[in-house]
1. What are the residues in the range A:39-61 that are touching a residue at least 60 places away in the same chain (Cβ under 8 Å) and open to solvent by 60 Å² or more (accessible area, probe 1.4 Å), if any?
2. Got a number for residues in the range A:358-394 being of a type in the set (G, A, S), over 19 Å from the mean Cα position of the chain (by Cα) and surrounded by fewer than 23 Cβ atoms within 10 Å (Cβ to Cβ)?
3. For the range A:193-228, give me the residue count where each residue is modelled with pLDDT under 95, surrounded by fewer than 24 Cβ atoms within 10 Å (Cβ to Cβ), among the polar types (S, T, N, Q) and within 28 Å of A:P47 (Cα to Cα).
4. Can you tell me which of (1) more than 18 Å from B:L206 (Cβ to Cβ); (2) assigned to a helix (DSSP H, G or I) is the one B:M174 doesn't meet?
5. For the range A:168-192, what are the residues that are more than 12 Å from every other protein chain (Cβ to nearest Cβ) and surrounded by 15 or more Cβ atoms within 10 Å (Cβ to Cβ)?
6. Can you name the residue in the range A:1-35 that is among the hydrophobic types (A, V, I, L, M, F, W, C) and under 23 Å from A:D352 (Cα atoms) and is also nearest to the other protein chains (Cβ to nearest Cβ) among such residues?
7. May I ask you to list the residues in the range A:405-418 that are out of contact with any Ser or Thr (no Cβ under 9 Å at 6 or more places or on another chain), more than 12 Å from chain B (Cβ to nearest Cβ) and either surrounded by fewer than 24 Cβ atoms within 10 Å (Cβ to Cβ) or more than 22 Å from A:E244 (Cβ to Cβ) (or both)?
8. So B:R78 ticks every box in (1) closer than 24 Å to B:I345 by Cβ; (2) away from chain A (no Cβ under 14 Å); (3) modelled with pLDDT of 95 or more but one. Which box is left unticked?
Number of protein chains: 2
Amino acid sequence: MEVKKIVLPESELPRQWYNIQADMPTPLEPVLHPGTGEPVGPDDLAPFFPMPLIEQEVSQERFIDIPEEILEKYLIWRPTPLYRAYGLEKHLDTPAKIYFKNEGVSPAGSHKPNTAIAQAYYNKISGTKKITTETGAGQWGSALAFCCSLFGIECKVFMVKISYDQKPYRRIMMETWGATCVPSPSTETESGRKILEKNPDSPGSLGIAISEAAEAAALDEDTKYSLGSVLNHVLLHQTVNGLECQKQMAIAGDYPDMIIGCVGGGSNFAGLCLPFVRDKINGKDIDILGVEPASCPTMTRGPFAYDFGDTVQKLPLAPMYTLGHSFVPAPIHAGGLRYHGMSPIVSQLVLDNLIRAESVQQLETFQAGITFARTEGFISAPETDHAIAMVIREAIKAKEEGKEKVILFNWSGHGLVDMAAYESYLSGQLSDHALPEEEIRRALEDIAPLPKPKQYRPGTIS
Amino acid sequence: MEVKKIVLPESELPRQWYNIQADMPTPLEPVLHPGTGEPVGPDDLAPFFPMPLIEQEVSQERFIDIPEEILEKYLIWRPTPLYRAYGLEKHLDTPAKIYFKNEGVSPAGSHKPNTAIAQAYYNKISGTKKITTETGAGQWGSALAFCCSLFGIECKVFMVKISYDQKPYRRIMMETWGATCVPSPSTETESGRKILEKNPDSPGSLGIAISEAAEAAALDEDTKYSLGSVLNHVLLHQTVNGLECQKQMAIAGDYPDMIIGCVGGGSNFAGLCLPFVRDKINGKDIDILGVEPASCPTMTRGPFAYDFGDTVQKLPLAPMYTLGHSFVPAPIHAGGLRYHGMSPIVSQLVLDNLIRAESVQQLETFQAGITFARTEGFISAPETDHAIAMVIREAIKAKEEGKEKVILFNWSGHGLVDMAAYESYLSGQLSDHALPEEEIRRALEDIAPLPKPKQYRPGTIS
């Protein structure tokens, strides 16, 4: 029998994270203060993050030790299995070899706990009693709730109100892990109350929820704030996955010609690909491809610019691909990919031609998810379906070209709490959205008056 | 670092199932025809099951080879990991060592595919084009849908109407895997139409759904029927889990003093414990404990008797512990444990004092599930919470007695599609149910007029 999945023994769990800042051909531009436009320093971040995370954010060390306490918790679900998708290959009749890393085996069902565990731990040892965060569809909030419960830290999640109402399962998961989940806008913060005064029926937005979570953290010394993607330290923690995968691919006796992942803020994609990007910098020939929704085509249509991380312009200005902080994507089901910006690390690597991006429409992603479920068994998160859609395109291309090609992708999470999205698709109620040309034009105008407009650089995707 | 989970390499996947019929001190009594009261023969079963499964139902071979095609599909999620519950042990401050087998890693999220894969395969090679089945809360229906999709067999699931309406996620899972799911009672069968004529708003029941699924299979030569628990061949397929677990316990360097599983029809419990029951027959000292809901206390309160497998008295009479085929359990959230009878194999082993049973109330099970989620990370199915509740009791007892004891239990599935049940508990809306004394008395009267009343034997639980 052929080997279906490669599972590393626990003794092979990576003991260090990989920090690509040590190897990037172009160093990252500094992040700027939203008020002054000056580079942000540790003191600006201290009200929000514990010092070990602030240090990781700017560290230039190539490898950073993973503390024993984090390794212990990782073992709850790591190392995760690397699968060979024989069923999908056979169905597509492709000469391509398709591998996927199954990050859906974590208790929260996605890659998110890779960083949530680390953030909970560093907060714990820094004396934090409570962590606040925001969540859209609930993947991140539930992952942080799970990890806070393991370290005995209080967790408060501001969940976008419309999702809070429409997606109760993720909220109940958070509560099962002992977190408090409140619909945002809430009456608990100044930001929330202001919104509610103007519009008591506000459905909320990720931007509002970020403001509320950050405000709640800033008010109380023992409370810190946490972000589930975009930031350098988040991507750092996610590399545990790519490092595992390099060992597993070696056991499989293959090396990827192509790596694919879906991208929202960039963390699941980066977690898998960054150790391979290092190989590429060192001369390996790999095509590394981030897949974004056509409704939120940050890297394929946005410029590389300084822009606010949040809609309400309270977060620092980051150098990144962006559609503008006021860009409102269509309400696609892949809520985790509806972010106007992109992690600065992924953005810089795109600019430097080490990573490229493509976009896909919603219907193609769900069709891909159905094909995957019926050939490989697992039901994927709508976000993950974006990666699968691109894998299927590439596998068909390989067949047409008669090329035996090794494709590796990140199966970032399962879709068992997203079944309503599959129902919309299966019942024919779902449609694609027109490319958001006008909305992009409008929103990009909002990033013109920058504190440091000289830093603006147009995108140079080849 | 201590080893958290033991994962067998794929090469260690068991190549045979274990058939306890070869070793039972008291052979099974025959199953009787519901009309004639005579022992059922292969011809009676042929309209419903393919011949290889009928043969397995009565086989006396100790080990039965698992066909290569089934092994291949098992590799999608097997071998499953054996976990050491350090987090729970620490929380309980117990000297007990607690191990659990994680069967929640399958695409359907439970142990059910262990037999669904086998049944789909044997149907496929026997020329079956379509399989019908019934499902209550949807665990079994979704597992069969998943497995039929892998073998390209049509699958039709009659889902109890009230669950169909209240639990859409499981239904959508079935549809995602390509199955058809209809609310039962339906207009598609004689049985369904009869019920609907009398009561157009009937909420349905497992009994009605069984009748519909069996009728739909009997009508069409290419269509067969499938059951997800109770039957001998189902338990046989589930032993792949216990056989794996024996290898894993050996690697851990421990042997269980106690094995715990929740019991509805008996298949997840039997799957883990039967290979250990063999050890017990051969002299090992193990306490093997099935945990049932106090609302449906089949083994702790029912007699061992011949009774119909279904409410509508169409299925054969089986020798088993039963509360009477007309017993209606309270609407607890652990839908998979609401069965009036018990698998004949498990029943006979209880009668022979190789297995024992206890019952727990609903609130205790959810409290156990919450404790487990906050210490071990994973959110359990409400059924599985019954096993966890008993494990916690035993771990506390071990502490009181100062005994280092090895407890092994089957973590039969995750609860991510059952979050509404957790919400009821967390919001304080859930309560325990009075012990169903009167309902048991009433229902037991219904099993008096048996075709072969001489076979009746009162329960002898010690």
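The values are calculated or read from the model by the stated rules, or taken from the named source; none is laboratory data. Since the structure is predicted, the reported quantities are computational estimates derived from the model, not experimental observations. Heads up, the Cβs are rebuilt from the backbone with ideal geometry, glycines too, and the neighbour counts pull from every protein chain shown. When the accessible area is computed, the model is the full protein with side chains, heavy atoms only, and any ligands, DNA or RNA have been set aside. Shrake-Rupley method; radii C 1.70, N 1.55, O 1.52, S 1.80 Å.
1. Of everything in the range A:39-61, those that are touching a residue at least 60 places away in the same chain (Cβ under 8 Å) and open to solvent by 60 Å² or more (accessible area, probe 1.4 Å) turn out to be A:D44, A:M51, A:V58.
2. Of the residues in the range A:358-394, 1 are of a type in the set (G, A, S), over 19 Å from the mean Cα position of the chain (by Cα) and surrounded by fewer than 23 Cβ atoms within 10 Å (Cβ to Cβ).
3. 1
4. Every listed condition holds for B:M174 apart from (1).
5. Here is the first cut: in the range A:168-192, the residues more than 12 Å from every other protein chain (Cβ to nearest Cβ) are A:182-192.
Listed by number, the residues that qualify are A:V182, A:P183, A:S184, A:P185, A:S186, A:E188, A:T189, A:S191, A:G192.
6. Applying the first criterion (among the hydrophobic types (A, V, I, L, M, F, W, C)) to the range A:1-35 yields A:1, A:3, A:6-8, A:13, A:17, A:20, A:22, A:24, A:28, A:31-32.
Of the ones still in play, those that are also under 23 Å from A:D352 (Cα atoms) are A:17, A:20, A:22, A:24, A:28, A:31-32.
On the way: A:W17: 17, A:I20: 27, A:A22: 27, A:M24: 32, A:L28: 33, A:V31: 33, A:L32: 38 Å.
Among them, the one singled out is A:W17.
7. Of everything in the range A:405-418, just one residue is out of contact with any Ser or Thr (no Cβ under 9 Å at 6 or more places or on another chain), more than 12 Å from chain B (Cβ to nearest Cβ) and either surrounded by fewer than 24 Cβ atoms within 10 Å (Cβ to Cβ) or more than 22 Å from A:E244 (Cβ to Cβ) (or both), namely A:V406.
8. So the condition that B:R78 fails would be (2).
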